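Shown next, in structure tokens, is the structure this report addresses.
The values are calculated or read from the model by the stated rules, or taken from the named source; none is laboratory data. Since the model is a prediction, treat every value here as computed from it, not as a measurement. Methodologically, a virtual Cβ is constructed for each residue, glycine included, from the backbone with ideal geometry; neighbour enumeration extends over all protein chains shown.
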Amino acid sequence: MSDPFVWSAEPPDPLYHAPPSEPPRYSRCFIDQSAVIGEGTYIWHFAVILAGVVIGDHSSVGAHAEIGRGSRIGAHTRIGHGVFLPAGTQIGHHVFIGPGVIAADDKYPRVEHPTYLAQPPQIDDYASIGAGAIILPGVHVGSGAVIGAGAIVTHDVSSHALVYGVPAREFPPDGDTLR
Ligand SMILES: CC(C)(COP(=O)(O)OP(=O)(O)OC[C@H]1O[C@@H](n2cnc3c(N)ncnc32)[C@H](O)[C@@H]1OP(=O)(O)O)[C@@H](O)C(=O)NCCC(=O)NCCS
């Protein structure tokens, strides 16, 4: 390890030593050696990027976020501060994941669960997830969907839908009877 600001293995990237005018692309974070981090993507302090993760170009992962094993994140996607994404999460391009968003993958969690069945979320291109939302196991968020801050998302969200509340419900975007 050649840089004291990175705890894990050096990412295989020639831009590793950013010019002084730019923030460092990887700082005091853990990036598993097998992870692939795209060009121009920033990983902020104390983020944890586990084995087999692939992140596209020009994305960012905020401080204290954890990206589970084998997750795939597209390009131009923003993962906010303190986000938790379980193993196998699939996230598209231009996705906004607000600070404190948590996605779960085990509906009935137990230590050493004998019938553990991982159900990671899938979040499609251009979706936006508001701060502090919780995405329950197996939920599929369609492209361009918007999830309000603090929502608990228990069912799939259609493309371009707006949902919020606890549990999250869909609200029409044009201000009719529900708004
Ligand atoms: C969901 C959201 C997009 C709705 O915006 P909007 O369509 O402009 O809705 P309005 O602000 O007009 O609110 C409509 C109603 O829904 C309620 N509401 C709005 N957002 C809500 C939310 N996240 N959870 C529960 N209720 C919400 C409002 O109180 C209002 O109810 P009222 O008519 O009884 O007062 C927005 O409020 C939101 O949560 N954005 C995410 C913000 C965020 O987390 N950004 C990332 C971090 S910077």
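Count, please, the residues in region 43-58 that happen to be assigned to a loop (DSSP other than H, G, I, E, B) and either touching a Gly at 6+ places or on another chain (Cβ under 8 Å) or under 18 Å from GLY92 (Cβ atoms) (or both).
9
Kindly list, by first and then second residue, each pair from a residue in region 88-100 that is under 15 Å from ILE67 (Cβ atoms) to a residue that is aromatic (Phe, Trp, Tyr) and within 16 Å of the ligand (Cβ to nearest atom), limited to pairs with Cβ atoms under 7 Å and residues at least 6 apart or on different chains.
Close Cβ pairs satisfying both conditions: VAL95/TYR126.
Can you find even one residue in region 113-121 that is within 16 Å of the ligand (Cβ to nearest atom) and closer than 29 Å to ILE37 by Cα?
No, there is no match, as no residue in region 113-121 is within 16 Å of the ligand (Cβ to nearest atom) and closer than 29 Å to ILE37 by Cα.
Just checking, which of ALA103, ALA131 is touching a residue at least 12 places away in the same chain (Cβ under 8 Å), within 12 Å of the ligand (Cβ to nearest atom), under 21 Å from HIS76 (Cα atoms) and hydrophobic (A, V, I, L, M, F, W, C)?
ALA131
In this structure, does ILE129 turn out to be at pLDDT 95 or above, farther than 17 Å from SER59 by Cα and buried (at least 17 other Cβ atoms within 10 Å of the Cβ)?
Spelling it out, it is not the case that ILE129 is at pLDDT 95 or above, farther than 17 Å from SER59 by Cα and buried (at least 17 other Cβ atoms within 10 Å of the Cβ).
Only one residue in VAL146, VAL166 is within 30 Å of GLU39 (Cα to Cα) and either surrounded by fewer than 18 Cβ atoms within 10 Å (Cβ to Cβ) or touching a strand residue (DSSP E or B) at 6+ places or on another chain (Cβ under 8 Å) (or both), so which one is that?
After applying the criteria, what remains is VAL146.
Output yes when any residue across region 94-114 is under 24 Å from PHE30 (Cα atoms), among the β-branched types (Val, Ile, Thr) and surrounded by fewer than 19 Cβ atoms within 10 Å (Cβ to Cβ), and no when none is.
Looking through region 94-114, at least one residue is under 24 Å from PHE30 (Cα atoms), among the β-branched types (Val, Ile, Thr) and surrounded by fewer than 19 Cβ atoms within 10 Å (Cβ to Cβ).
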